[in-house]
Amino acid sequence: MKKTLQLPYQLQGFLELGDAVIITDSNHIILEVNDSYQSITGFERAKIIGLKAGFIKSNLTSKSTYISMKNSLKELIPWSGILINRKKSGELWHSSITITPFKIEKELFYIGIFRALEQLKEGLYLPENKKIEVQRELLKVLAISCEIRDPGTEEHLIRVQELTEILIKSHNKKNNLQLEPRYINNIIHSSILHDIGKAGMPEGILYKPGALTSSERKIIEMHPLIGADILNKMSKEINYDFIKSMEVAENIILYHHEKWDGTGYPFNLESEKIPFEARIVSIVDVFDALTSRRPYKDSWSKQKALSYIDQNKGKHFDPLIAETFINLF
Ligand SMILES: [Fe+2]
């Protein structure tokens, strides 16, 4: 077993600081932490000495942050950045850290000094979970306001969002797709926007009881294109992360009426040319429409709607996703 290094007396003073401090050897093995580190993270000193300093990582810090840290420390240059770690309680810990390499009698040590971002000036930093919450609410407001003329809209949108979450998580697990959590969340958040293009539809057609004429149908079939246009107009001024999630939203808005056999609209795309996220939302949207009452139809029973989805897998719907969906019930 490799012998654990003793902490040189020259570094002892760092442990007296009020900020959380961690000291490691050159392999990032923890040699010492101070009281602040223990009380902020909830981890007891005796239990974490000898562990790799990264044991506390969440998967929310970007890879580029770790790469820049590694490159800098390799050159023995101090590094500062923002890390999102996880406390013992499971709560996220957003902190700004400075890591300074120290060479003492040919041995290399790293001193990490953390400062919790909550202590920084207001407006400088918005924690990740808050940011996600704000974005989610914004999307909901946008979606509802685009369809405000329909009193049942909010419930429909929430149901679509909830069912999208259940379907995508189950499909991901069942087929071991290993989809990125961020991508999954983008799909869930964006599903609520699928019909924002209905804002541009004349009410007389949108809520017409009975069958549509072919020209009325052509107008309705414009709603994915109008929706994408609304989205593009609003997202230009928003930050990069948000725009990344907008690509998923745009795919859902544009392609949620495409069909697996290429007979859908507006582009007659077929099978896997239809983005995955749109194939997911398409099934959920149709299911919720069938099981709800509309001006032109009564609600179907769950069983009848599921057998419709079963009969149309490989025609309207991605057969694998349809399979997962049916098995949810
Ligand atoms: Fe639609």
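Every read-out reported here was derived from the displayed coordinates using simple, explicitly stated rules and does not represent laboratory data. Note that the structure is a prediction, hence the values are computed from the model and not measured. Note that each Cβ is placed from the backbone with ideal geometry, even for glycine, and that neighbours are counted across all protein chains shown.
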Residue-wise HN-Hα coupling along the range 54-66, computed from phi with Karplus coefficients 6.51, -1.76, 1.60 (Hz; x: Gly, Pro): x, 4, 8, 4, 9, 8, 9, 6, 6, 4, 4, 5, 5
Interchain or long-range residues, amide H under 5 Å from L51's placed H: I30
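Pull out a ≥ b ≥ c, the square roots of the eigenvalues of the alpha-carbon gyration tensor of the range 9-119, then state rounded if a/c is under 1.5, prolate if not and a/b is larger than b/c, and oblate in the remaining case. Write out the running numbers ahead of the final one.
Working: a/c = 1.59, a/b = 1.14, b/c = 1.39.
Judged from the Cα gyration tensor, the range 9-119 comes out oblate (a/c at least 1.5, b/c at or above a/b).
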Rg in Å to one decimal, and Dmax rounded to a whole Å, for the range 197-329 via C-alpha atoms: 15.8, 45
Out-of-range pairs (alpha-carbon distance over 19 Å; input K198/K233; K259/K297; K208/K259; K140/K198): K259/K297; K208/K259
Exposure proxy ranking, count of Cβ atoms within 10 Å, fewest first, for F114, F276, F267: F267, F276, F114
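Which percent, nearest 5, of DSSP beta bridges in the chain are antiparallel? All intermediate terms of the calculation are to be shown ahead of the outcome.
Numbers: 30 of 31 bridges.
Counting DSSP beta bridges with both partners in the chain, the antiparallel share is about 95 percent.
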Amide H partners (placed H, <5 Å) of A20, local residues excluded: F114
Loop sites in the range 18-101: trypsin sites (Lys or Arg not before Pro), DSSP, at most 15 other Cβ within 10 Å: K87, K88
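If you wrap the chain's Cα atoms in a convex hull and average its projection over all directions, what's the area in nm²? Don't skip to the answer; put the middle values down first.
Details: hull surface 86.3 nm².
For the chain, averaging the hull's shadow over all directions gives 21.6 nm².
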Footprinting exposure proxy for W300, W93 (fewest neighbouring C-beta atoms within 10 Å first): W300, W93
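Please arrange H194, H28 by counting, for each residue, the other beta carbons lying within 10 Å of its beta carbon, fewest first. Could you put the intermediate results ahead of the total?
Numbers: H194 29, H28 16.
Listed from fewest to most nearby Cβ atoms, that is H28, H194.
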